Amino acid sequence: AKNVGILAIEIYFPPTCIQQEVLEAHDGASKGKYTIGLGQDCMAFCSEVEDVISMSLTAVSSLLEKYGVDPKQIGRLEVGSETVIDKSKSIKTFLMQIFEETGNTDIEGVDSTNACYGGTAALFNCVNWVESSSWDGRYGLVVCTDSAVYAEGPARPTGGAAAIAMLIGPDAPIAFESKLRASHMSHAYDFYKPNLASEYPVVDGKLSQTCYLMALDSCYKRFCAKYEKFEGKQFSVSDASYFVFHSPYNKLVQKSFARLLFNDYLRDASSMNDSAKEKFAPYATLTGDESYQSRDLEKAAQQVSKPFYDAKVQPGTLIPKQVGNMYTASLYAAFASVLHNKCSSLAGQRVVMFSYGSGLSATMFSFKLGEGQHPFSLSNIAAIMKIDEKLKARREVPPEKFIEIMKLMEHRYGGKDFVTSKDCSFLSPGTYYLTEVDSMYRRFYAKK
Ligand code: ACO
């Protein structure tokens, strides 16, 4: 199989959301902390009728229907998620309901979990399968689904929720440059979920930021080295049209891209102009550790990177800024934002992706884009995702209501024997929702 990659994408996020400006005022944070400090506009969250299973059911059924893919044509289904609803039964098995109806139970794959990285692991599993000798000619399907919720405190505004489904096969408009994958994996306690009775993570915010940037540096160095080995020339940020990052909040994405330019400077990339070199010069001899702590370097790097950021990164920030951290779905929602904003000018372009999951696992990889053929074309993917429409159709809730829902969800987490509210008026037709968890903890869903 040639040009294996993503043929089709569908994204779903809950219509319930809260404006960051409103949350900021309510939390008594200084004005601008969430909007400018974190760089976030709005945050989506699941109300009591939605969860990672309902969102993924919605994304998968909508993808199959809108692209006209027969469920029998799916041979592998992989789910990435870090939202634990059941310690044994995979989310993938819930999704089998869609396929069983058509008699297709011959579908490999289960769930992959490691913080925000599980979606990338799932994606690689599908791509590897299509490229392998056990491939039977059918499509792979990857689903990233998460509900990111934090306890009250500084991390709460960095929540979010979404599910994204991606169809995998050969001759894709979004093709992997498989030789260019570069990973960095190590042991860290930056963000983890040891308390199985709670949906909330334990998070060392500052450490998680440093771990993210260290993993980024390490992946970028290896990515550049592989590029040079295979292409016989140096790589710098000018060799890709877009850089897409896992986005816990936008400020970290700004800092990450700035860091790539600092890396280019340290490697003495020919693309660096003199004024950029001058700005970076004072920091050339910092040790790695010092460089993560230096506020001056951070400022200089952001100055140097600003014009490149606007062209190469900003087009991928729409959904992450509007929806929040979607954990496993975050990176792919950022990529979907690029497709949405730039679909008519993407053919022939390279996109570099950076996936990070705390704990930690990280990979940098790249796509080569081509227009593709209907229904699997870039323009059709952008049209089907209807991102503007979905963002506009949302229902903003006041902070009091948001907190009330968070409390109810805390209470319901791991619970049984309840039925959910009958009010689903805010969900659009075709959306799956949770109706009941019975006395045996069995979950039941309906489709609106
Ligand atoms: N106007 C403008 N900017 C402001 C204001 C204001 N009024 N007040 C603060 N800021 C800036 C700060 O200067 C800071 O920016 P900087 O980093 O460029 O200096 C930013 O807003 C955040 O302020 P902090 O005081 O650093 O925020 P705090 O420590 O309260 O929390 C954090 C931020 C650590 C990101 C927290 O939200 C968190 O723990 N989130 C979850 C962990 C996370 O997402 N980690 C990322 C990688 S791991 C993962 O993906 C889950």
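Read-outs throughout are calculated quantities, based only on the coordinates presented, and are distinct from any laboratory measurement. Please read all numbers here as calculations on a predicted model, not as lab measurements. Backbone-built Cβ (ideal geometry, glycine too); neighbour counts: all protein chains shown.
Summary of values
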{"item": "Stretchable slack from K277 to K221, in nm (0.36 nm times residue separation minus alpha-carbon distance)", "result": "18.3 nm"}
{"item": "Most mobile listed residue (L38, L331, L57) in the chain, GNM with C-alpha springs under 10 Å", "result": "L38"}
{"item": "For the stretch 4-56: rounded, prolate or oblate by the Cα gyration tensor [a/c cutoff 1.5]", "result": "oblate"}
{"item": "Residues in the stretch 231-247 that a label on S345 would reach, taking backbone N under 18 Å of a point 7 Å out along Cα→Cβ", "result": "238-244"}
{"item": "Whether the stretch 324-448 is rounded, prolate or oblate, judged on the alpha carbon gyration tensor where a/c under 1.5 counts as rounded", "result": "prolate"}
{"item": "Computed lengthening from T210 to K392, 0.36 nm per intervening residue step minus Cα-Cα distance", "result": "62.0 nm"}
{"item": "FRET efficiency, 1/(1 + (r/R0)^6) with R0 25 Å, evaluated for F230 and S294 via beta carbons", "result": "0.15"}
{"item": "Net charge contributed by nearby residues that have their C-beta within less than 15 Å of G348 (K/R +1, D/E -1)", "result": "0"}
{"item": "Förster-model FRET efficiency, 30 Å R0, V110 and K251, C-beta, rounded to 0.05", "result": "0.30"}
{"item": "Fewest-first ranking of E298, E231, E78, using other Cβ atoms within 10 Å as the exposure measure", "result": "E231, E298, E78"}
{"item": "At R0 = 25 Å, FRET efficiency that the Cβ-Cβ distance of L196 and I403 yields, to 0.05", "result": "0.55"}
{"item": "Ranked F418, F365, criterion: other C-beta atoms within 10 Å, fewest first", "result": "F418, F365"}
{"item": "The chain: antiparallel DSSP beta bridges as a percent of all, rounded to 5", "result": "75 percent"}
{"item": "Between the stretch 35-70 and the stretch 203-226, the alpha-carbon center distance in angstrom", "result": "27 Å"}
{"item": "Spherically averaged projected area in nm², based on the convex hull that wraps the Cα atoms of the stretch 73-219", "result": "10.6 nm²"}
{"item": "log10 of Debye I(q)/I(0), alpha-carbon scatterers only, for the stretch 233-326 at 0.11 Å⁻¹", "result": "-0.32"}
{"item": "Cα gyration tensor, the stretch 1-114 - rounded (a/c under 1.5), prolate or oblate", "result": "prolate"}
{"item": "Relative compactness, the chain, computed as alpha-carbon Rg over 2.2 N^0.38 Å", "result": "0.95"}
